[in-house]
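Worksheet for the structure shown next.
The values are calculated or read from the model by the stated rules, or taken from the named source; none is laboratory data. Quick caveat, the model's predicted, so the values are computed rather than measured. Cβ: placed from backbone, ideal geometry, glycine included. Neighbour counts: every protein chain shown. In case anyone asks, the SASA skips ligands and DNA or RNA and just uses the protein heavy atoms, side chains included. Shrake-Rupley method; radii C 1.70, N 1.55, O 1.52, S 1.80 Å.
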Amino acid sequence: MSDFSDALEQRLSNNADLAERRRAAEEEMDKVRSDAEAAERALDERKRRHHGDLAAHLQQVADQLKASRPESFIVRSSWTESGEEFVAKMTTRQMRPKRSLFIEVDRDDDEVLARWTSDVGSAIEIWRLLQVTPEMLTEMVLQVADDVLWAEGRPPAFPAGLPAD
């Protein structure tokens, strides 16, 4: 009987060890899950703030473009009804080639879209929200007014985005 008791005691001890390892693994998984959720919340907050910063900056530079020569530029900008996207469209008047720049800063889709439409061609670029800097938006708005860039007979190159996180 002692062999049975010893074997039973060994198996019960193994079961207790297994239960302890399972409990520790579940604790570790809960911690990993909690850390991942906290990181996701922090990233979402970072995107939300960055979206607001980019929208405010785009509004500012678009307004400056319009104020610089109101007879030369048509500027339209606004938030969409949902409040998830800020859009701006800048179109030239009395400038050749005629050109239009549309920019959408979209928090919900985590992207910034820029599209040139002109008499000499069109171009489109999409970046992740966190790849776009205020300086990139400034550069694109300046390109609207730069006749030298447009003399090449095609839309200018889009500025390079930051590397993806």
Carbon/sulfur accessible area of segment 31-102, % of total, 1.4 Å probe, equals 50 percent
The chain - mean residue ellipticity at 222 nm from DSSP helices (-39,500 (n - 2.57) per run, n ≥ 4, rounded to 500): -18000 deg cm²/dmol
Gyration tensor (Cα only) of segment 1-127 to equivalent ellipsoid, semi-axes in Å sorted down, yields 65, 14, 8
So if R0 is 35 Å, what FRET efficiency would T80 and R22 give, r being the distance between their Cβ atoms, rounded to the nearest 0.05? 0.10
Across segment 1-146, how many lysine pairs, 8 or more positions apart or on different chains, have C-alpha atoms separated by under 27 Å? Please give the number. 5
Once you put a point 7 Å from the Cα of Q10 and another 7 Å from the Cα of T138, both along the Cβ direction, what distance in nm separates them? 7.5 nm
With every protein chain kept in place and ligands, DNA and RNA left out, what is the accessible area per residue of the chain? Probe 1.4 Å, answer in Å². 63 Å²
Nearest-10 value in Å² for the accessible area of R115, using the 1.4 Å probe: 90 Å²
With every protein chain in place, the accessible area of V75 for a 1.4 Å probe, in Å² rounded to the nearest 10, comes to 20 Å²
Just from the alpha-carbon atoms, what are the Rg and Dmax of segment 53-165 in angstroms? 13.5, 42
Plugging the Cβ-Cβ distance of E71 and E152 into 1/(1 + (r/R0)^6) at R0 = 22 Å yields, to the nearest 0.05, a FRET efficiency of 0.30
